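Structure record follows, encoded as structure tokens.
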Amino acid sequence: MTTSPSSADAAAPRSAGATGQTSAGLRGRAPQAAARGRDALLALQDPTGWWKGELETNVSMDAEDLLFREFIGIRRDDQTARSAAWIRAKQCADGSWANFHKGPPDLSTSVEAYVALRLAGDPPEAEHMLRAAGMVRDLGGVEEARVFTHIWLAFFGLWPWDDTPAVPAELNLLPPWFPFNPYDFACWARQTIVALSIVAAHRPVRPVSFAIDELRVHRSVKPRPRLRSAAGSLALLDAVLRWLEKVPVKPLRRLALRRAVSWVLARQEADGGWGGIQPPWVYSLMALHLEGYGNDHPVMAAGIRGLDGFMVEKCEMRCLEACQSPVWDTALAVLALTDAGLAPDHPALVRAGRWMLQKEITTKGDWAVRRPHLRPGGWAFEFANDTYPDIDDTAIVAMSLRRLVGPDGGRAAAAPGAGHRLSGADRERMLAAVRRGVEWVVGMRCRDGGWGAFDADNTRELCAALPFFDFGAVIDPPSADVTAHVVEMLAEAPGAHREVMTRGLHWLLRAQEDDGSWFGRWGANHVYGTGAVVPALVKAGVPPQAPPILRALAWLKDHQNPDGGWGEDLRSYTDDSWRGRGESTPSQTAWAVFAFVAAGDRGEAAERGIRFLVETQLADGTWDEPHFTATGFPGDFYINYHLYRMVFPLMALGRWAGEES
């Protein structure tokens with residue numbers, strides 16, 4: 001079903017496209033656009049200091065939310081109707097559901113959406129349901145859905161537990177040095193595994209009043225791996241583990257479950273959730289529910305209440321955010337506003353700085369298993385996630401707080417009338433927090449000199465080969481975008497960390513693709529990676545005329561669309577023909593402009609990119625961006641951060657205007 005990009009798909013010109021604008025006219029319009037964008041972004045700030053845009057994903061989140069509420073007995077008809085309306089609204093014309101805007105049909109998402117609508121009362125003979133069932137069968141039927149979809153179906157007797165891979169609770173007894181222990185997996189997978197191991201021990205079935213025979217093709221086309229292959233060996237291991245799951249050593253099973261429950265309870269956050277993300281959150285609640293925790297138990301009540309806070313109500317519909325990103329959004333907003341010329345002592349930025357300071361994490365989390373002697377520091381992504389601060393957020397927050405304090409630490413006298421609103425004590429606290437964050441990030445460096453997102457040296461690739469994991473990234477190796485942000489942070493004040501910065505720089509140079517781009521792990525995709533790395537290289541001292549930078553700029557020029565913008569379809573993660581190709585978007589265009597401005601290249605390509613941003617800005621100072629431009633799991637799960645369409649274009653316009661002034 002996947003197609004290669006056509007010229008129309010990849011580069012459709014916009015009616016407001018770039019025609020006839022002189023460079024002089026653009027120089028006048030770019031600062032005006034930046035001012036409008038700055039005012040629009042300021043208007044979105046919460047009075048307490050933070051920014052948070054909606055985090056939109058595919059409808060599997062909404063389908064699973066309905067199934068979760070049915071499972072623990074809290075589903076309400078009014079909520080179900082609004083969630084079902086959202087799911088219907090996102091159905092594609094061919095009857096399927098996609099994982100991102102204008103994406104190809106996705107089998108598992110379509111199965112989950114269909115089952116959720118059946119739960120909501122949609123009859124199978126309804127026209128939209130007939131189209132959906134037909135598309136599911138065309139895609140291989142429910143038999144070919146991913147493991148997690150099969151597990152959700154097993155909860156309701158729609159799929160046999162015996163046909164799901166094993167997740168034995170005894171894995172929780174393995175020491176951190178033993179293969180396949182929970183700490184071998186990335187934090188998001190780790191939390192899911194531990195909770196699901198409890199659920200799988202119960203093998204629960206809560207029958208529903210319907211069947212889904214209309215989704216079956218009554219055959220399986222998944223090939224059996226050869227026994228002597230690595231996949232065959234893991235399949236044999238899975239068979240043994242499944243036998244153990246059904247016939248456990250009872251004292252060992254009881255010990256494993258007690259340890260798993262204690263592990264889950266210890267990681268509930270202040271907002272009631274687990275890891276700030278939907279999968280471990282709902283699986284943890286289901287696990288505790290099966291272990292006898294009633295819905296009125298304080299742990300359960302807090303978890304359900306917190307999950308309700310992730311609901312977004314819109315036009316008689318409602319959808320679930322898989323996560324929330326206030327720390328990330330606030331730090332990016334500060335960088336964007338200061339790039340656009342807002343004074344660091346502006347009241348909005350002062351409020352933002354003080355709020356971010358309150359969000360510093362000073363306790364140890366799971367990362368300390370691999371780095372037991374490292375002092376805590378840094379920031380997480382969400383309102384509450386002290387167990388899992390992340391390196392990317394910490395780097396961006398550190399750079400934004402430095403902007404507010406100033407290059408001299410805020411000691412220089414303010415200009416007449418400027419009126420610094422940050423007290424000396426505030427500035428000292430910010431500098432101290434930044435120092436702790438930098439030290440923590442430096443200590444989280446991987447052996448090869450790069451940085452992952454949450455853990456150090458979380459690179460055991462064998463984990464991804466387990467039959468259980470046919471969806472999503474399960475390890476957290478170094479990535480170019482995270483490493484670039486760290487190098488940029490260190491380059492601002494290298495000090496004692498110059499050698500660490502240099503190793504990170506060398507990691508980035510080694511990671512450059514043959515075509516001159518860099519892979520983007522957390523944003524789509526090579527445009528994001530390249531837009532992050534080039535500014536970091538320049539700030540770290542690589543000359544703009546160095547071959548790696550020239551190759552990167554040449555790649556960007558070669559992938560610019562006729563309308564002057566850049567875009568990269570998320571299919572580039574699985575199909576190289578989409579690499580650097582897709583409809584132009586404001587955020588991706590801004591990422592490309594970052595590279596040109598950093599390298600001092602103000603030629604035609606950069607100018608056309610700025611013109612695209614100026615011409616596509618809406619009257620209210622914002623930009624429209626229905627496309628998903630961020631990544632949860634490459635190849636599987638994607639995100640539309642609604643604030644990206646604001647902060648990144650504003651950064652690009654501000655940097656462009658700043659270089660001209």
Conditions (1) under 24 Å from ASP329 (Cβ atoms); (2) among the basic types (Lys, Arg); (3) in a helix (DSSP H, G or I); number of the one not met by ARG571: (1)
Only one of THR530, THR616, THR622 that is of a type in the set (Val, Ile, Thr) and more than 25 Å from GLY28 (Cβ to Cβ): THR530
Failed item, numbered, when TRP97 is tested on (1) surrounded by fewer than 17 Cβ atoms within 10 Å (Cβ to Cβ); (2) without any contact (Cβ under 8 Å) to a residue 40 or more places away in the chain; (3) under 26 Å from THR164 (Cα atoms): (1)
Qualifying positions in the range 529-543 - part of a helix (DSSP H, G or I), in contact with a Leu (Cβ under 8 Å, 6 or more places away or on another chain) and under 14 Å from VAL486 (Cβ atoms): VAL533, ALA536, LEU537
The one condition in (1) surrounded by 21 or more Cβ atoms within 10 Å (Cβ to Cβ); (2) more than 25 Å from the chain's Cα centre (by Cα) that ARG75 fails to fulfil: (1)
Near pairs, Cβ below 7 angstrom, 6+ apart or cross-chain, from the range 586-606 (touching a residue at least 12 places away in the same chain (Cβ under 8 Å) and closer than 17 Å to GLY520 by Cβ) to any residue that is among the hydroxyl-bearing types (Ser, Thr, Tyr) and not in a helix (DSSP H, G or I): SER587/THR629; GLN588/THR629
Residue among LEU285, LEU349, LEU290 that is closer than 21 Å to ARG435 by Cα and either without any contact (Cβ under 8 Å) to a residue 12 or more places away in the chain or aliphatic (A, V, I, L, M) (or both): LEU349
Qualifying position, being of a type outside the set (Val, Ile, Thr), crowded, with 20+ Cβ neighbours inside 10 Å and closer than 18 Å to SER60 by Cα, among GLY141, GLY121: GLY141
Single residue of the range 147-163 satisfying the filter (touching a Leu at 6+ places or on another chain (Cβ under 9 Å) and β-branched (Val, Ile, Thr)) that is surrounded by the fewest Cβ atoms within 10 Å (Cβ to Cβ): ILE151
Enumerated helices (runs of 4 or more DSSP H) restricted to the range 422-528, each holding at least 2 residues that are surrounded by fewer than 22 Cβ atoms within 10 Å (Cβ to Cβ) and basic (Lys, Arg): 424-443, 498-511
Residue count for the range 42-82, restricted to those that are more than 30 Å from LEU335 (Cα to Cα) and in a loop (DSSP other than H, G, I, E, B): 5
Every pair of residues 6+ apart whose Cβ atoms lie under 6 Å, when the first sits in the range 118-142 and is touching a residue at least 60 places away in the same chain (Cβ under 8 Å) while the second is assigned to a loop (DSSP other than H, G, I, E, B): ARG118/PHE210; ARG137/VAL217; GLY141/ARG216; GLY141/VAL217; VAL142/ARG216
Residue that is surrounded by the fewest Cβ atoms within 10 Å (Cβ to Cβ) [pool: residues in the range 286-309 that are within 22 Å of the chain's Cα centre (by Cα) and within 14 Å of ARG69 (Cα to Cα)]: ASP308
Cβ-Cβ under 7 Å pairs, at least 6 apart or on other chains, the range 182-210 side more than 9 Å from PRO280 (Cβ to Cβ), far side of a type in the set (Val, Ile, Thr) and in a helix (DSSP H, G or I): PRO182/ILE193; PRO182/VAL194; TYR183/VAL369; PHE185/ILE193; ILE198/VAL261
Condition met for ARG411 (over 24 Å from the mean Cα position of the chain (by Cα), modelled with pLDDT of 95 or more and either farther than 16 Å from GLN324 by Cβ or part of a helix (DSSP H, G or I) (or both)): no
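The values are calculated or read from the model by the stated rules, or taken from the named source; none is laboratory data. Keep in mind the model is a prediction, meaning the values are calculated, not measured. Note that each Cβ is placed from the backbone with ideal geometry, even for glycine, and that neighbours are counted across all protein chains shown.
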